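Below: the structure, in structure tokens.
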Amino acid sequence: MTRILFSDKLDNCVAKWRSAGLTVIGPVQEEAISRYAAVEKGTDLSFGTVLPDRSLKELFFPQTEPMTSYTIKKNEIETTDFTPPQGKRIIFGTRACDASGLAIDDPLFGWDYKDEFWFQRRNESVIVTIACTKSDDFCMCTSLKLAPDSTKGADVLLRPIVKNKGWIVEELTERGREAFAIISEYLLESPEPAIPTVIVPEKFNLDTCVAWLQNPENFDSKFWKEISMRCIGCASCTYLCPTCHCFDIQDEGDTYSGIRRKNWDSCSFALFTMHTSGHNPRSTQSARWRQRIMHKFNYFPGKFSVNSCSGCGRCSRQCPVDMGITETLQEISKL
Amino acid sequence: MTENIQIAQQNIYKPAIMKIVGRHDEAPGVRTMRLEFQDPADHEQFKKTYRTGMFGLYGVYGEGESTFCVASPETRKEYIECTFRQSGRVTSALANADIGDLVTFRGPYGNRFPIEEFHGKNLLFISGGIALPPTRSVIWSCLDQREKFGKVTIVYGARTVADLVYKHELEEWQERADVDLVLTVDPGGESPDWKHRVGFVPTVLEEAAPSPDNCIAVICGPPIMIKFTLISLKKLGFDEANVYTTLENRMKCGVGKCGRCNVGSVYVCKEGPVFTAAEVSRMPAADL
Amino acid sequence: MITQERYRTTVKELLANGSIKMAIGYRLGSTPDRRRPLFIRTSEEADQLVLDSTCMTNLSGYLVTEGLLSDEKKVGIFLRPEGIRSINILAAEYQLNADQIVIFGFDSTGRDVRPLDGRNVGEFSKLLNEIKEHPLQIVKEPLHWRIEKMNAKERFDFWQEEFSRCIKCYACRQACPMCYCRRCIVDSNQPQWINTSSHTLGNFEWNIVRAFHLSGRCVQCGNCDRACPVNIPLRLINQRMANEVLDGFDHFAGLSPTQEPVLASFKKDDTETFIL
Amino acid sequence: MSELKFEPKIVAFVCTYCTYAGADLAGTSRLKYAPNVRIVRLPCTGRISPMFILKALQKGADGVLVSGCHPGDCHFTHGNYHARRRWMVFRALLDFTGISPERVMFSWISAAEGSKFADLINSVTEDIRKLGPFDQYQQLIKETESPATL
């Protein structure tokens, strides 16, 4: 027997969680895009898409976040710190790739110095992953040695049962158990079988690619120039990526008062590494694309023993010129 | 996540407030400032952590932060000295700040020169132009405990006589019997009363021909100077492992998160800025 | 299919006899409905060329890639009429020498693709003039009418809502053939005119300034609109500005390589009604 | 509760050769005009970037006045012709994006038109007073100053 959360009870659950003080966040379909957002009713949630257009990252690391406001006086600088939002929240219905993305970035935000903006939110969030039963041409979690029902980064895993009737509940962590204890009255014992998770074909052999990337000779390979020739240098791949974590610190305001903010930044921009002198260590688009791939599959795992890619495929899905990690790694495995 | 991560109470991106207590123009557009901590707690923290070679993020609220070395040695921790060239938005704002004004400092970050390992050895400092400040920090760390080291040689060059920084300290080193100072300016940069050498640093270095025996070399300078000086040092017989240099890259966080300062797999902000020439030669040259 | 085959042969010939050093076209993308830019330098690469009605991207932005045209050799490029107009603008703004560009023109109705006659940009002036006189169904979509009916407050709210989604990835700028500035206004920080943060205010400033910089230059190729990962209807704002210069100054961007940029020129008798 | 009377803040971007001189003349002729205007002097109307206008509105101006030499009088021969075209396009953009174009006013005032300057300032001030405070941007600014919500 398995415990099942029936979808017609979702509204009650959301209400229950909300009355217990949790903010409920989940995938919503807006007019123009789909994204993870806070909802008031279970019916606002939409599980129809393969995965939301925008990644889960932005709920932990927003595109712009005020850090400190300052007021400069004659002999004094007054500062007030902004704190990340407090309060428990439950993120219901993430995809495995998005949840893995969070787990991948944890060591980065936590090595040595702990980034409170990230960890405050991480500590307060319960991640409820729904195993995928459909995929599209760009999904590639299996190629990254993850799976459509990967539990990485998740506190609870839900497996859909037939006819969208609900989900089988698998609690994975204490945090997940606590959150589901709140709605235990809506969890029913039932023998319904789960729909098998989708089979995502493997698109490339990761080990071959990583070995190629780790070979120092290939750093100067002309492959990089060829593969990135059509890259236009926008940041849509990095900004939609669930693991890309680069940021910029910017002051906004006038001479006497303003706010210091943490904003997304991207390695695709020339200005990212440009020195004031005009010297740019990564002066060409091919060097920048190489940095992105190397960082994800060579440098990052070298430091944190995990690839900085969870295989969501958003980079390829959204690219204006149809590039992406998938294509690059496929080409590398052919070399 | 299975367990909660303990978060430090303070925002890690929040700088300490510093008061400018002294400033000195070194060369056209280059200025040295002496900063004092306003909060004793910040100062204690600095005293505890600062070692020669580390860098900091100096900033002005409203303009931003910019990265350069701490030019004062670890033997003098009552204040921070920094030397910078006015070139961008932040350095312009710093240059406009007057004595008594408040600026910010975040750090010290990065690694250090392993000064204890230099004990008992001869030291060769090679520096060019605005890159003397990081070298100066090491020089003073050693000169403040002069007895622990062997022969000290300093080779310093700049484009023109006016571009030499720390002119008063150069005079001081010139007069010290226990320091061998070789000064040079690029051809065409000499003034009528210039008494020192004329020529590029690598050439002058080869002429001075310091012995590589039991010697540690510290080089700081523009990339092109470093490139040719390393060749000269090799010619003179220096081992790459005994040659130290510092790398600089654009930084925003200073603590290994913002993702822009890496050269190959090496994060300059965490694993640098001090590297041996051997370490640098293993990095992809195209990324420097 | 016939058009595609004919062009494959043409490109091969021109490459073989050295008339062009490269041709920029399309090839199959990662899914059946996608096409991706292709840089043809060899005969084998020419075999990958695909030309059909789904080839939408205006490729002319690649021509201003640093160093591409500096050896004064010719480069071929596949262009729809909008693309040809953008070549004219780039030439008029001295970003490239139009004689270096060999145009493989094409257009489509429904699923049919037909070639356009001509190789040099000058040979298309008749076609472009016709388009100016009979604007090829600049489709007035429902959203457009909705905005036309709004009052100022509603419009402000509408755009605020749209721009609030912007993540400042600058895909619009990077995809736009007209955004070739080495240093964009948003990248200059002394002074920082536009907030780099992507809060709604910063997004609003950015998108308005970009629209203004494109007024009289936009050819409505739709690159920005297609590139936007958060689906902001950028086409509407650019189209409106294009209509404005057409009505106000009879200026149709990209008619010829010698056309004066509308905001860098003037007529003494420009008539306005609002100056006090 | 006593309500403070709304006093419009108006920023005027003027060219130094004509309108600024006109304003000077208004002053030396002891003409009285509304004190609500802050003048920013620029070399020519051709130098006035639309950014200036947007920034003024965003930073708290209730109205913006842009003024320069009459057509044909430009010190640089045609700076104001260029400016005129730019304004025509810019106004359309303001209109389309809903930033009330009636708060941005343009005029030609020569160095000899001190009284026209005074009259214009008075009428512009009255117009803006009728329109009330410009608070469209306030919501956006408030958003930038508040902490992240999620």
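The values are calculated or read from the model by the stated rules, or taken from the named source; none is laboratory data. Just so we're clear, the structure is a prediction, and the values are computed from it rather than from any experiment. Neighbour counts are summed over all protein chains in view; Cβ atoms, including those assigned to glycine, are modelled from backbone coordinates with ideal geometry.
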When you scan the range A:280-335, how many residues do you find that are at positive phi, crowded, with 20+ Cβ neighbours inside 10 Å and away from every other protein chain (no Cβ under 11 Å)? 1
Please work out if A:K74 is free of Cβ contacts under 8 Å to residues at least 40 places away in the same chain and either surrounded by 18 or more Cβ atoms within 10 Å (Cβ to Cβ) or of a type in the set (K, R) (or both). yes
Count of residues meeting criterion [facing another protein chain (nearest Cβ under 8 Å) and without any contact (Cβ under 8 Å) to a residue 24 or more places away in the chain] in the range C:152-177: 8
Residue in the range A:233-250 that is surrounded by the most Cβ atoms within 10 Å (Cβ to Cβ), counting only those that are at the interface with another protein chain (Cβ under 7 Å from one of its Cβ atoms) and touching a residue at least 60 places away in the same chain (Cβ under 8 Å): A:Y239
Show me the helices (runs of 4 or more DSSP H) found entirely inside the range B:194-288 where at least 2 residues are in contact (Cβ under 8 Å) with a residue 24 or more places away in the chain and in contact with a helix residue (DSSP H, G or I) (Cβ under 7 Å, 6 or more places away or on another chain). B:201-208, B:223-236, B:277-281
Restricting the range C:222-236 to residues that are at pLDDT 90 or above and buried (at least 20 other Cβ atoms within 10 Å of the Cβ), the residue that is farthest from C:I167 (Cα to Cα): C:N223
Right, A:D105: closer than 24 Å to A:C244 by Cα and more than 15 Å from the chain's Cα centre (by Cα) or not? no
Having 3 or more residues that are within 14 Å of another protein chain (Cβ to nearest Cβ) is the bar; report the strands (runs of 3 or more DSSP E) wholly within the range A:1-103 that clear it. A:23-29, A:34-38, A:64-73, A:76-81, A:89-94
If we keep just the residues of the range B:1-12 that are surrounded by 12 or more Cβ atoms within 10 Å (Cβ to Cβ) and either of a type in the set (A, V, I, L, M) or assigned by TED's automatic domain parsing to the domain that holds B:G56 (or both), which is modelled with the lowest pLDDT? B:M1
Identify all residues within the range D:122-150 that are among the aliphatic types (A, V, I, L, M) and touching a Gly at 6+ places or on another chain (Cβ under 8 Å); write none if there are none. D:V124, D:I128, D:L131
Residues of the range A:108-134 satisfying the condition of being surrounded by fewer than 22 Cβ atoms within 10 Å (Cβ to Cβ) and acidic (D, E): A:D112, A:E124
Given the conditions (1) under 12 Å from the mean Cα position of the chain (by Cα); (2) surrounded by fewer than 22 Cβ atoms within 10 Å (Cβ to Cβ); (3) within 11 Å of chain A (Cβ to nearest Cβ), every one holds for C:Y180 apart from (3)
Please tell me if C:A98 is buried (at least 19 other Cβ atoms within 10 Å of the Cβ), among the hydrophobic types (A, V, I, L, M, F, W, C) and not assigned by TED's automatic domain parsing to the domain that holds C:I232. no
Does C:I24 satisfy the criteria of being in contact with a helix residue (DSSP H, G or I) (Cβ under 6 Å, 6 or more places away or on another chain), within 14 Å of chain A (Cβ to nearest Cβ) and over 17 Å from C:P177 (Cβ atoms)? no
With the structure loaded, tell me whether B:Y166 is in the same structural domain as B:K195 (by TED's automatic domain parsing), over 19 Å from B:R76 (Cβ atoms) and of a type in the set (F, W, Y) or whether it fails that test. no
Pairs, please: C-beta under 6 Å, at least 6 apart or cross-chain, first residue within 27 Å of A:G258 (Cβ to Cβ) and outside the structural domain of B:K47 (by TED's automatic domain parsing) and in the range B:64-89, second surrounded by 22 or more Cβ atoms within 10 Å (Cβ to Cβ) and not hydroxyl-bearing (S, T, Y)? none
Test for B:Q10: is it free of Cβ contacts under 8 Å to residues at least 40 places away in the same chain, part of a loop (DSSP other than H, G, I, E, B) and either small (G, A, S) or within 14 Å of chain A (Cβ to nearest Cβ) (or both): yes
Looking at B:A95, is it in contact with a strand residue (DSSP E or B) (Cβ under 7 Å, 6 or more places away or on another chain) and in a loop (DSSP other than H, G, I, E, B)? no
C:N189 being over 17 Å from the mean Cα position of the chain (by Cα), of a type in the set (S, T, N, Q), assigned to a loop (DSSP other than H, G, I, E, B) and more than 12 Å from chain D (Cβ to nearest Cβ): yes
What's the number of the only condition in (1) exposed (fewer than 15 other Cβ atoms within 10 Å of the Cβ); (2) among the acidic types (D, E); (3) more than 20 Å from the chain's Cα centre (by Cα) that B:E171 fails to meet? (3)
Near pairs, Cβ below 6 angstrom, 6+ apart or cross-chain, from the range C:27-38 (in contact (Cβ under 8 Å) with a residue 24 or more places away in the chain) to any residue that is hydrophobic (A, V, I, L, M, F, W, C): C:P37/A:V321; C:P37/C:L59
Does the range A:275-287 contain at least one residue that is within 25 Å of B:K257 (Cβ to Cβ), touching a strand residue (DSSP E or B) at 6+ places or on another chain (Cβ under 8 Å) and of a type outside the set (D, E)? yes
Could you check the range C:253-274 and list, in sequence order, the residues that are surrounded by fewer than 18 Cβ atoms within 10 Å (Cβ to Cβ) and either β-branched (V, I, T) or within 7 Å of chain D (Cβ to nearest Cβ) (or both)? C:T258, C:K268, C:D270, C:T271, C:E272, C:T273, C:F274
Is at least one residue of the range A:273-283 more than 18 Å from the chain's Cα centre (by Cα) and outside any loop (DSSP other than H, G, I, E, B)? no
Exactly one of C:G83, C:G122 is in contact with a Cys (Cβ under 7 Å, 6 or more places away or on another chain) and either more than 25 Å from C:V50 (Cβ to Cβ) or surrounded by 19 or more Cβ atoms within 10 Å (Cβ to Cβ) (or both), and that residue is C:G83
Exactly one condition in (1) within 26 Å of A:F269 (Cβ to Cβ); (2) within 14 Å of chain C (Cβ to nearest Cβ) is false for A:F223; which is it? (2)
Find the residue count for the range A:217-232, including only residues that are among the polar types (S, T, N, Q) and crowded, with 19+ Cβ neighbours inside 10 Å. 1
For the range A:253-262, does any single residue satisfy the condition of being within 14 Å of another protein chain (Cβ to nearest Cβ), part of a strand (DSSP E or B) and modelled with pLDDT under 90? yes
